[in-house]
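The values are calculated or read from the model by the stated rules, or taken from the named source; none is laboratory data. Keep in mind that this is a model prediction, so the values were computed, not measured. Cβ: placed from backbone, ideal geometry, glycine included. Neighbour counts: every protein chain shown.
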Amino acid sequence: MAKSIKVDREYDAPVEAVWAALTDNEDLSEWLKPCKFEPILGYDFEFRTKPSPGFDGIVSCKVLEIINQQFLSFSWSGGSLQNTVVSFRISPLPNNRTRLQFEHSGFEGLINKLIVRRILASGWKHKILKNYLPEYLAK
């Protein structure tokens, strides 16, 4: 089985603010990528970004599970990457802080396991969840 991307971070924001950043269409579009998201089980949506070789810039997603202010998961398919799953688990910490446990799983095929997973891991770990989300939450 292919390794998944896992990130565990703490943010100086309450659970309610982190949950809104993950589930509010305008918030999510601002810190992650433009989309038309609704926090509804089975809801289909897309993220749009800059195309690159082998990738048209469209990530097709579907909400798979949602537990209010605790857990969100959705499918993630784009380019050669099909049927992977992105999950966010959040929990409160003392002093109005929040712990976020992230996982992107389901990488199948040699190219996806070796190349695409590495590219996405760098983005999730060193840009998106390290910089973009906390910068958004600090506003």
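Among the residues of the range 123-139, which ones are without any contact (Cβ under 8 Å) to a residue 60 or more places away in the chain and either assigned to a helix (DSSP H, G or I) or among the polar types (S, T, N, Q) (or both)?
Scanning the range 123-139 gives G123, H126, K127, N131.
Note on the range 1-59: among residues that are of a type in the set (F, W, Y) and either in contact with a helix residue (DSSP H, G or I) (Cβ under 7 Å, 6 or more places away or on another chain) or modelled with pLDDT of 95 or more (or both), the one that is surrounded by the most Cβ atoms within 10 Å (Cβ to Cβ) is F37. Consider the range 70-122 and keep the residues that are of a type outside the set (S, T, N, Q), surrounded by fewer than 16 Cβ atoms within 10 Å (Cβ to Cβ) and in contact (Cβ under 8 Å) with a residue 40 or more places away in the chain. The one that is nearest to D12 (Cα to Cα) is R97. The number of residues in the range 22-46 being under 16 Å from N68 (Cβ atoms) and aromatic (F, W, Y) comes to 2.
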